[in-house]
Amino acid sequence: MKPAQIEEMFARLQALNPHPTTELEYTTPFELLVAVALSAQATDVGVNKATRKLFPVANTPRALVDLGVDGLKPYIATIGLFNTKAQNVIALSQQLLDRHGGEVPRERAALEALPGVGRKTANVVLNTAFGEPTIAVDTHIFRVSNRTGLAPGKDVLAVEHKLVKVVPDRYLQDAHHWLILHGRYVCKARKPDCPHCAIRDLCRFPDQTPGDPEPVAV
């Protein structure tokens with residue numbers, strides 16, 4: 001995409017959703033960190049169902065360490081890979097107590113040093129909890145970036161670096177959420193909903209789904 005097209009793309013996404021945010025439910029940076037750690041290979045809906053029961057019982061590093069791995073598992077048993085995730089959540093909670101006074105650090109290196117926390121999770125926390133202009137490239141953003149021609153790349157890191165380079169500064173803070181939501185609800189993996197896509201005319205995807213938007217009933 002050319003710079004003018006990228007500007008137009010984000011202007012349209014902003015007009016449709018001026019204040020986008022994560023669909024994970026949280027009230028503190030620690031709750032967000034736990035929710036994102038649980039969300040790998042799981043849906044936000046599934047994670048929210050689990051954390052609605054978990055967080056009223058344990059939503060701080062100390063409370064989760066006291067709950068323990070075996071105590072945590074029943075709350076997250078409906079989420080994929082829950083055994084490993086339970087171990088990681090308890091371990092990262094202990095590390096926060098040991099090294100950060102029970103607070104979530106806002107430095108990438110410190111976040112990525114936590115058990116079960118990779119670059120994508122760190123980016124989500126930095127962006128959503130601390131307002132940093134980072135972009136966490138998940139499967140949705142990777143797909144949208146490549147399909148549209150916005151920031152094509154062979155792997156998530158290449159796409160992330162290109163996005164940070166090409167997205168206009170004023171859109172960087174919210175770009176992560178706009179692209180995820182667009183990939184989740186419009187630019188779907190199996191059959192993109194091109195007829196209802198707000199950026200269809202800007203998109204370079206050669207196999208767009210044909211058709212026109214259905215008329216709105218009155």
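The values are calculated or read from the model by the stated rules, or taken from the named source; none is laboratory data. Only a predicted model underlies this, so the values are computations on that prediction, with no experimental measurement involved. Reconstructed Cβ throughout: ideal geometry from the backbone, glycine too, with neighbour counts over all protein chains shown. Side chains included, ligands, DNA and RNA excluded: accessible areas come from the protein's heavy atoms. Shrake-Rupley method; radii C 1.70, N 1.55, O 1.52, S 1.80 Å.
Output yes when any residue across segment 75-88 is open to solvent by less than 20 Å² (accessible area, probe 1.4 Å) and without any contact (Cβ under 8 Å) to a residue 12 or more places away in the chain, and no when none is. There is no residue in segment 75-88 that is open to solvent by less than 20 Å² (accessible area, probe 1.4 Å) and without any contact (Cβ under 8 Å) to a residue 12 or more places away in the chain.
Evaluation of Val69 against the conditions (1) open to solvent by 50 Å² or more (accessible area, probe 1.4 Å); (2) under 15 Å from Lys85 (Cα atoms) shows that the sole unmet condition is (1).
Does segment 30-41 contain at least one residue that is surrounded by fewer than 19 Cβ atoms within 10 Å (Cβ to Cβ), touching a Phe, Trp or Tyr at 6+ places or on another chain (Cβ under 7 Å) and either of a type in the set (Asp, Glu) or in contact (Cβ under 8 Å) with a residue 12 or more places away in the chain (or both)? Taking every residue of segment 30-41 in turn, none turns out to be surrounded by fewer than 19 Cβ atoms within 10 Å (Cβ to Cβ), touching a Phe, Trp or Tyr at 6+ places or on another chain (Cβ under 7 Å) and either of a type in the set (Asp, Glu) or in contact (Cβ under 8 Å) with a residue 12 or more places away in the chain (or both).
For segment 186-202, filtered to residues that are closer than 12 Å to Arg143 by Cα and in contact (Cβ under 8 Å) with a residue 24 or more places away in the chain, the residue that is surrounded by the most Cβ atoms within 10 Å (Cβ to Cβ) is Cys187. Look at Asp155 and say whether it is of a type in the set (Asp, Glu) and within 25 Å of His19 (Cα to Cα). Answer is no for this residue. With respect to the stated conditions, Leu179 fails to be open to solvent by less than 10 Å² (accessible area, probe 1.4 Å), at pLDDT 95 or above, within 30 Å of Asp98 (Cβ to Cβ) and in a helix (DSSP H, G or I). When each of Gln208, Gln173 is tested for being open to solvent by 10 Å² or more (accessible area, probe 1.4 Å) and under 14 Å from His19 (Cα atoms), the lone residue that passes is Gln173. The listed residues are Val159, Val125, and the only one of them that is of a type outside the set (Asp, Glu), touching a residue at least 40 places away in the same chain (Cβ under 8 Å), open to solvent by less than 20 Å² (accessible area, probe 1.4 Å) and not in a loop (DSSP other than H, G, I, E, B) turns out to be Val125.
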